[in-house]
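Asks: Starting off with a structure, shown below.
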Amino acid sequence: MKMAVLASGYGSNLQAIIDAIENGEINGKLEIVVSDKKDAYALERARRHHIEDHYINPKVFSVRDEFDRAVIALLQERKVDLVILAGFMRLLSPVFVNQFMGKIMNIHPSLLPSFPGLNGVEQALEYGVKVTGCTVHFLDEGLDTGPVILQDTVPVYESDTVETLHERIHSVEHRLYTRAIQLFSQGKLSIEGRKCIINEG
Ligand code: GAR
């Protein structure tokens, strides 16, 4: 299985994926890491592990779709089987989603459909929920609306700040994303309507 990761920031989920590949938990090759942010630490993580890193400056394109087409071209050249969004903070257009339908995963720091979009952790804290968590889902054309692959919960404490809560969510995310990618690589995920079925048998 050939994979690509798209990331905009720190890249701790990317690191968890790299570690899982290196220790044999995920059977596949990470072909390329693409970022829309020049200084994303995720790119540095890729370089440290001798994985191709690629920055694409969104500002050079006058139309949003053109950025997406540039990414599509890169991923097609590398014959990628799975596109993994790991803290990629740019909305992808229907052009991108349709090109890789059923082959794009995203991770989100809340129990979807609660608190979609930006600042999922902050939204949960402000709402006052006692339990939040994270979701791995396939991408569709909506905002964090695609078929849910895996979810797990994280308790919210009264003393929590966005930082402390996000830190606990992060460690659950790392496990959950690895598991979801493992299941995909083993051909155990199928999409039926808006549901993702896990065929463990
Ligand atoms: C993760 O918590 C991920 O769920 C979130 O960004 C963080 C990236 O962390 N994604 C979103 O909020 C998407 N809407 P990382 O760069 O350390 O992997």
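FYI, it's all coordinate maths here, none of it is from the lab. Remember, predicted model here, so these are calculated numbers, not experimental data. All Cβ positions, even for glycine, are placed from backbone atoms using ideal geometry, and neighbour counts span all protein chains on display.
Listed here are the residues, each with its yes/no results for (1) part of a loop (DSSP other than H, G, I, E, B); (2) among the basic types (Lys, Arg); (3) in contact with a helix residue (DSSP H, G or I) (Cβ under 7 Å, 6 or more places away or on another chain); (4) farther than 11 Å from residue 178 by Cα.
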{"position": "9", "(1), (2), (3), (4)": "yes, no, yes, yes"}
{"position": "14", "(1), (2), (3), (4)": "no, no, yes, no"}
{"position": "17", "(1), (2), (3), (4)": "no, no, yes, no"}
{"position": "31", "(1), (2), (3), (4)": "no, no, no, yes"}
{"position": "45", "(1), (2), (3), (4)": "no, yes, yes, yes"}
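Asks: Is there any pair linking a residue in the stretch 109-133 that is within 8 Å of the ligand (Cβ to nearest atom) to one that is among the polar types (S, T, N, Q), with Cβ under 6 Å and at least six apart or on different chains, and which?
Replies: As it stands, the answer is 120/110, since those pairs meet every condition given.
Asks: Does any residue in the stretch 1-18 that is without any contact (Cβ under 8 Å) to a residue 60 or more places away in the chain and more than 8 Å from the ligand (Cβ to nearest atom) come within less than 8 Å, Cβ to Cβ, of a residue that is of a type outside the set (A, V, I, L, M, F, W, C) and not in a helix (DSSP H, G or I) six or more places away or on a different chain, and which pairs are these?
Replies: 18/49
Asks: Follow-up question, since we're still on this one. If I filter the stretch 121-177 down to residues being in a strand (DSSP E or B) and hydrophobic (A, V, I, L, M, F, W, C), which single residue comes out as surrounded by the fewest Cβ atoms within 10 Å (Cβ to Cβ)?
Replies: The extreme case among them is 131.
Asks: Something else now. Can you tell me which residue in the stretch 19-39 is nearest to the ligand (Cβ to nearest atom), limited to those that are over 24 Å from residue 91 (Cβ atoms) and among the acidic types (Asp, Glu)?
Replies: Selected residue: 19.
Asks: How many residues does the stretch 183-201 contain that are in a loop (DSSP other than H, G, I, E, B), over 19 Å from the mean Cα position of the chain (by Cα) and closer than 20 Å to residue 145 by Cβ?
Replies: 1
Asks: Here's a follow-up. Out of everything in the stretch 103-120 that is assigned to a strand (DSSP E or B) and of a type in the set (A, V, I, L, M), what residue ends up being farthest from residue 72 (Cα to Cα)?
Replies: So the residue we want is 107.
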